[in-house]
1. Report yes if some residue within the stretch 136-149 is assigned to a strand (DSSP E or B), in contact (Cβ under 8 Å) with a residue 12 or more places away in the chain and polar (S, T, N, Q); otherwise report no.
2. Considering the stretch 57-77 alone, what residues qualify as being open to solvent by 10 Å² or more (accessible area, probe 1.4 Å) and assigned to a loop (DSSP other than H, G, I, E, B)?
3. Can you pull out every residue in the stretch 114-136 that is surrounded by fewer than 17 Cβ atoms within 10 Å (Cβ to Cβ) and either of a type in the set (Phe, Trp, Tyr) or over 15 Å from the mean Cα position of the chain (by Cα) (or both)?
4. Against the definition (acidic (Asp, Glu) and free of Cβ contacts under 8 Å to residues at least 12 places away in the same chain), how does Glu121 come out, yes or no?
5. All but one of (1) assigned to a loop (DSSP other than H, G, I, E, B); (2) open to solvent by 20 Å² or more (accessible area, probe 1.4 Å) hold for Leu186, so report the exception by its number.
6. Do we find a residue being in a loop (DSSP other than H, G, I, E, B), over 25 Å from Asp230 (Cβ atoms) and either of a type in the set (A, V, I, L, M) or open to solvent by 70 Å² or more (accessible area, probe 1.4 Å) (or both) anywhere in the stretch 81-89?
7. With Ile146, Ile131 as the choices, which residue is β-branched (Val, Ile, Thr) and closer than 15 Å to Thr106 by Cα?
8. For the stretch 223-270, enumerate the residues that are in a strand (DSSP E or B), surrounded by fewer than 19 Cβ atoms within 10 Å (Cβ to Cβ) and polar (S, T, N, Q).
Amino acid sequence: MTDTPKGPGTSNAPFHGVGAGLSGLANINVELTSRCNKNCWMCGRRRIEREYPELALRYGDMEFELAERIAGQLPPGVVVQLHNNGEPLLYPRLGEAIALFRDQITQFDTNGKLLLDKAHEIIGVLDTMAISVIENDPESEAQLAIIEEFLSLKGDRKPYTLLRLNGAIDERKYDRLGLVYARRALHSPMGSYQYQRAAPTVPEVGICLDFLHHLAISADGSVSICVRFDPLRLGVLGNVRDRALAELWNGPKRAEWLECHKRGLRSQVPLCSYCHFWGVPTSSAGRELPGQDKGAASVP
């Protein structure tokens, strides 16, 4: 009788390497900083500051040592997005922090204001980047000039750069950049509901894909089930300062909430109860493509 092989990829033996215990995790947000240098009109954080100051976040940076500890727990190949509610370009040791996750796919969303100042820490280091363009932004022309200069500096080196178009954007002014557009519908500043112009897509599995495959770590180490805006901290599983990620991922709180999702009872999960998002990015309506057949069947 021959020995049954053991190790990663076999059905009868657990994986004991780096990232063991994080089966199913595909994407994690690691918020390097919760500080932001832009005052977006549709931002939930700014509304909290104005109307509910008792719920306002205490803004700050993640300690570099904590980022190191997180990097040491992640399996290779997962997507690590180095943002959540803050502006990642404000992080003092940005290039060093990106390098911690060299075995993962690194990405962040940015407003782009500091792209030229931080270009030497990004170019050739970060894998992909989305620059957020927002509807009715008074700084849009200045932003466009920065993007053009950054792309000229970057040339054909990484990061692969996209534009995240939030709301109704005149795309024609950006066409000359030759970038891919990630269109997003606006929703309530207080959470992922009341979407404008589009209803969120529901996956056939009937379970939120963000819940199934995502985690988010705030700058203070709080670990949440997703990156939905959560001023009441309803989706927090614990803190990575005192508990391992695998322990939180496989812990009783997430297991209980997963059972609710599997039974079609997401309304019983505190954060999910009022969320309309299902883990599939909701696109705003883009321009009709040349030659597009209005009567053509949709692609599944």
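1. Initial filter on the stretch 136-149 (assigned to a strand (DSSP E or B)): none.
Checked the stretch 136-149: no residue is assigned to a strand (DSSP E or B), in contact (Cβ under 8 Å) with a residue 12 or more places away in the chain and polar (S, T, N, Q).
2. Going residue by residue through the stretch 57-77, those that are open to solvent by 10 Å² or more (accessible area, probe 1.4 Å) are 57-61, 63-65, 68-69, 71-73, 75-77.
Once the filter is applied, which keeps residues that are open to solvent by 10 Å² or more (accessible area, probe 1.4 Å) and assigned to a loop (DSSP other than H, G, I, E, B), the stretch 57-77 yields Leu57, Arg58, Tyr59, Gly60, Glu63, Gly72, Gln73, Pro75, Pro76, Gly77.
3. Matches in the stretch 114-136: Leu116, Asp117, Ala119, His120, Gly124, Asn136.
4. Working: acidic (Asp, Glu): yes; free of Cβ contacts under 8 Å to residues at least 12 places away in the same chain: no.
It is false that Glu121 is acidic (Asp, Glu) and free of Cβ contacts under 8 Å to residues at least 12 places away in the same chain.
5. (2)
6. Step one: filter the stretch 81-89 for residues in a loop (DSSP other than H, G, I, E, B), giving 82-87.
So of that shortlist, the ones also over 25 Å from Asp230 (Cβ atoms) come out as none.
Checking the stretch 81-89: not a single residue is in a loop (DSSP other than H, G, I, E, B), over 25 Å from Asp230 (Cβ atoms) and either of a type in the set (A, V, I, L, M) or open to solvent by 70 Å² or more (accessible area, probe 1.4 Å) (or both).
7. Values: Ile146 fails: closer than 15 Å to Thr106 by Cα.
The match here is Ile131.
8. The initial filter retains those residues of the stretch 223-270 that are in a strand (DSSP E or B), namely 223-224, 236-239.
Okay, now just the ones that are also surrounded by fewer than 19 Cβ atoms within 10 Å (Cβ to Cβ), so 236, 238-239.
Hit for the stretch 223-270 is Asn239, nothing else.
The values are calculated or read from the model by the stated rules, or taken from the named source; none is laboratory data. All figures in this text were calculated on a predicted structure; none of them were measured in a lab. Using ideal geometry, Cβ is built from the backbone for each residue, glycine included, and neighbour counts are taken over all protein chains shown. The protein model used for the area step is the full one, side chains on, heavy atoms only, and it has no ligands, DNA or RNA in it. Shrake-Rupley method; radii C 1.70, N 1.55, O 1.52, S 1.80 Å.
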